[in-house]
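Contents: one structure, followed by commentary.
The values are calculated or read from the model by the stated rules, or taken from the named source; none is laboratory data. These numbers come from a predicted model, not from an experiment. Don't worry about glycine lacking a Cβ; one is built from the backbone with ideal geometry, like all the others, and counts go over all protein chains shown. Protein only, heavy atoms only, side chains kept; ligands, DNA and RNA dropped before computing areas. Shrake-Rupley method; radii C 1.70, N 1.55, O 1.52, S 1.80 Å.
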Amino acid sequence: MATTDTESKTTDQATFAGDVEATVDTQVVTVERNPEGYLGFKLGEFEFSRDDYFVYINWPTGSHVMSADTFLKALQRDVAWEFFYGIVNFDGVIGTVNHYGDVDLFAGRYNDGWRKAELDHLENFPTAHIKATFEAMLDDWTNEGFDPFASPDETGTAFGPKNGSNKAAITRHRVTAQRMVGVPGDEGLRSDDTGHLVNRHFLDVPQDEPEIHAEPGFEGDVAAFNLFAYLSRSDVTWNPSVVAACKDSLACPTTEEYILPIIHGNDRVEWFVQLSDKIIWDVEDRDTGTVRAKVVMKAGDVCAMPADIRHQGYSPKRSMLLVWENADSELPALISSGKLPNYPVDL
Ligand code: PHB
Ligand code: FE
């Protein structure tokens, strides 16, 4: 796409940004539509454009190209997760660092080659600003029939010239239980009636629910649900949901298939419990990308990802994974200052 420097806030763009927050902070800067029909976007000195197959990212000292489907799947998660914990690498070059209030957008910052050549680039934005731009990009670049959260087998194509949109898929409700799924007033259970059908790979998962016999007066405080049945009905992949919370301890199970579309760089320890099937994890040094480990997790396996690594998972078949997060906001500083170790337990 010829990134002409004609900046324009198109009407639909202005409306989208306005829906988010009508302040200067969230101003989305677009470049006129290219022959393939897609808008371009500017964020600080970064420029983003896409054509039928690829997304192009330019910054003052370099440029990068990614497959459009890989890019959109990563972008979808970065937006839906409010930039997640720590670093969301879209690949080995592009990504974001969450500082919980503002966000770094970087190119080559966590890549030894780009760093040594001194061609990496990083800019910081208020969360509302980068989020509005990313949401507008995701909306404009996601075609009808493409669902960035779905497995490759369960979605149409991301490729081709601009063809409609898929707002329902990209603005899905994110499950964030305050106490637990199934507690009155909290996130609900999934069923055929809520539109959550049992996934094709989980047809053998029993769907019975536990019986609850609460003492009179405790009906609102005693709850139980079948987590396997709940997960068997997930229509998305690589999208942890908070299904139970106890202070900062968040149980975030998810169903996985194909490849985690981001490479997650930790700012704290996180635990994985493989609930079914198998995931292969590539584990690299968080800052350089140097290979550290390959972890093969089979049903029943438990592991802790240290706070100084990044990881990407491969799930050959749809599988169930419990991600256990500690949301304590003091952890990143305690770990980066050396007051807490990068690993969770001494054995
Ligand atoms: C992770 O980065 O730890 C992660 C993200 C999404 C998942 C699973 C794990 O679905
Ligand atoms: Fe992670």
Within-9-Å neighbourhood charge of VAL79 [Cβ basis; K, R +1; D, E -1]: -1
- prompt: What are the residues whose amide H is under 5 Å from the amide H of ILE309, where those residues sit 5 or more places off or on another chain and H is modelled from the backbone?
  reply: ASN266, ARG286
Candidates LEU105, LEU39, LEU334, ranked by Gaussian network fluctuation over the chain, Cα under 10 Å, top entry: LEU334
field: GNM flexibility winner over the chain from VAL295, VAL79, VAL323 (Cα, springs under 10 Å)
entry: VAL295
task: Straight distance only, please: which lysines reach the Cα of LYS294 with their own Cα at less than 30 Å, same-chain residues fewer than 8 apart left out?
output: LYS73, LYS116, LYS278, LYS317, LYS339
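In the stretch 149-222, which chymotrypsin sites (Phe, Trp or Tyr not before Pro) are in a loop and have at most 12 other Cβ atoms within 10 Å, using DSSP for the loop call?
Answer in residue order: PHE218.
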- request: Quick one: plug the Kirkwood hydrodynamic radius of the stretch 212-263 (C-alpha pairs) into Stokes-Einstein at 4 °C, 1.567 mPa s, and report D in µm²/s.
  value: 97
message: For the stretch 42-175, take the convex hull of the Cα atoms, compute a quarter of its surface area, and give me that in nm², please.
response: 8.1
- prompt: How big is the chain by Rg and Dmax over its Cα atoms, in Å?
  reply: 20.8, 69
query: Residue by residue, what Karplus-based ³J(HN,Hα) values in Hz, rounded to whole numbers, does the stretch 31-37 have, using 6.51, -1.76 and 1.60 with θ = phi - 60° and x for Gly and Pro?
result: 10, 3, 4, 8, x, 7, x
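Looking at the stretch 244-347, which GluC sites (Glu not before Pro) are DSSP coil and have at most 13 other C-beta atoms within 10 Å of their C-beta?
Passing sites in the stretch 244-347 are GLU330.
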query: What does the convex hull of the alpha-carbon atoms of the stretch 195-343 project to on average, in nm²?
result: 10.9
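Given the -39500 (n - 2.57) contribution per DSSP H run of 4+ residues, what per-residue ellipticity at 222 nm results for the chain, rounded to the nearest 500 deg cm²/dmol?
Per the formula, -4500 deg cm²/dmol.
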- prompt: Picking from PRO306, PRO184, PRO152, which is most flexible by a Gaussian network model of the chain using Cα springs under 10 Å?
  reply: PRO184
message: Using only Cα atoms and rounding to the nearest 10 degrees, what angle (0 to 90) does helix 11-20 make with the longest principal axis of the chain?
response: 40
- prompt: Over all distinct Cα pairs, what is the inverse of the mean 1/r for the stretch 259-347, reported as the Kirkwood hydrodynamic radius in Å?
  reply: 13.6
message: How much length would be gained if the chain were fully extended between LYS294 and TRP271, taking 0.36 nm per residue of separation minus their Cα-Cα distance, in nm to one decimal?
response: 6.7 nm
query: In terms of solvent-accessible area of protein heavy atoms at a 1.4 angstrom probe, what is the ranking of GLU154, GLU135, highest value first?
result: GLU154, GLU135
task: Working with all protein chains in place, sort GLU82, GLU215, GLU187 by solvent-accessible area computed with a 1.4 Å probe, largest first.
output: GLU215, GLU82, GLU187
query: If ligands, DNA and RNA are left out, what is the accessible area of CYS246 with a 1.4 Å probe, given in Å² to the nearest 10?
result: 90
Cβ crowding within 10 Å averaged over residues, with 223-230, 92-99, 335-342 ranked highest first: 92-99, 223-230, 335-342
